[in-house]
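Only one structure is covered here, and it is reproduced in the block below.
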Amino acid sequence: MSSLDEFSHLKSWVIAPHMDNHRLDNNLQPPERGTGPLKVLVLGALSPEKGADVLETVATEIQDQHVQFHLLGYAYRVLNERVITHGAYAESDAIQLIKEISPHVVWFPALCAETYSYTLSLALEAGLPVVASDIGAFPERLAGRAGSHLFKQYTDSNAWVEFWNSVASDYSRLLSETVDRSRAVSVDTSFYHQAYTDGLASGTVTASVTVDLIRAQMERALLVDRSCGRRRWIFDKLLSLLSTRWGSRVGRLIPVRLQRRIKRLLVRGAIHE
């Protein structure tokens, strides 16, 4: 992520948080550690950039059963069985599914910066401790939050193995950590409630929309929906095939770049739902 100083010459830009931030603050509800394995949950659709390979490497390196890795979602390829993969989920079911898995912590093993991370919102809404790579939006969004840890050696799988072994041995260590508030940036929390809609409320602009135009747009939208539905059906079938033992072998032969092109051709939106 670029330093904000690079944009200091701009005079009219605003840093505005997403509107769900207010309901996610101060919601830490850490579960009891108990005597079983430490359950580490990773969320979403994982590409190599989002840490799929890191997750698999770490899970296979930790051979004993004191740490258990879960993926609520799926990776760009079938991962080793040491990663318990729960598959795709609907956004509306996510919190309930997280409760059923009962993780002790949510892990974001990203290798590339994200601008926001909706899956982080799920972790915060669930009130769970969070461990994330020290890049992108994670430091800003976790600043000042207890039970959260930013990992600087996020490209080093061996360092991750050592870290998770230590957390399994002393879970209270993670709960006692708080991300430094200095990692936050100054934001305009009123932007979306006020300035963003000022132009709509001013009454200075009026629009004239004919019934024919509305009908034509609705018909076009229906055609797009049908087309997207067919493409999504094909994509889901391909995904099911790649989830089989035979399909996973074929999937490994397909370059990641080609996999992405096929996905973008069939599905434009997020694919974790």
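The values are calculated or read from the model by the stated rules, or taken from the named source; none is laboratory data. Since we're looking at a predicted model, the values are computed, not measured. Because the Cβ atoms are built from the backbone with ideal geometry, glycine has one as well, and the counts that use them run over all protein chains shown. Ligands, DNA and RNA are excluded from the accessible area calculation, which covers all protein heavy atoms including side chains. Shrake-Rupley method; radii C 1.70, N 1.55, O 1.52, S 1.80 Å.
When restricted to residues that are open to solvent by 70 Å² or more (accessible area, probe 1.4 Å), closer than 19 Å to Asp53 by Cα, part of a helix (DSSP H, G or I) and at pLDDT below 75, the range 211-256 contains 3.
Scanning the range 98-117 for residues that are surrounded by fewer than 18 Cβ atoms within 10 Å (Cβ to Cβ) and touching a strand residue (DSSP E or B) at 6+ places or on another chain (Cβ under 8 Å) yields Ile101, Ser102, Leu111. The condition (being closer than 18 Å to Ala159 by Cβ, surrounded by fewer than 19 Cβ atoms within 10 Å (Cβ to Cβ) and among the acidic types (Asp, Glu)) is satisfied by just one residue among Glu61, Glu81, Glu91: Glu61. Can you find a residue that is on the phi > 0 side of the Ramachandran plot and of a type outside the set (Asp, Glu) anywhere in the range 117-126? Checked against the condition, which is being on the phi > 0 side of the Ramachandran plot and of a type outside the set (Asp, Glu), the range 117-126 yields at least one hit.
With the structure loaded, tell me whether Asp5 is outside any helix (DSSP H, G or I), open to solvent by 50 Å² or more (accessible area, probe 1.4 Å), among the acidic types (Asp, Glu) and modelled with pLDDT under 95 or whether it fails that test. Against the criterion (outside any helix (DSSP H, G or I), open to solvent by 50 Å² or more (accessible area, probe 1.4 Å), among the acidic types (Asp, Glu) and modelled with pLDDT under 95), Asp5 does not qualify. Residues in the range 64-78 that are of a type in the set (A, V, I, L, M, F, W, C) and modelled with pLDDT under 95 were compared, and the one that is least open to solvent (accessible area, probe 1.4 Å) is Ala75.
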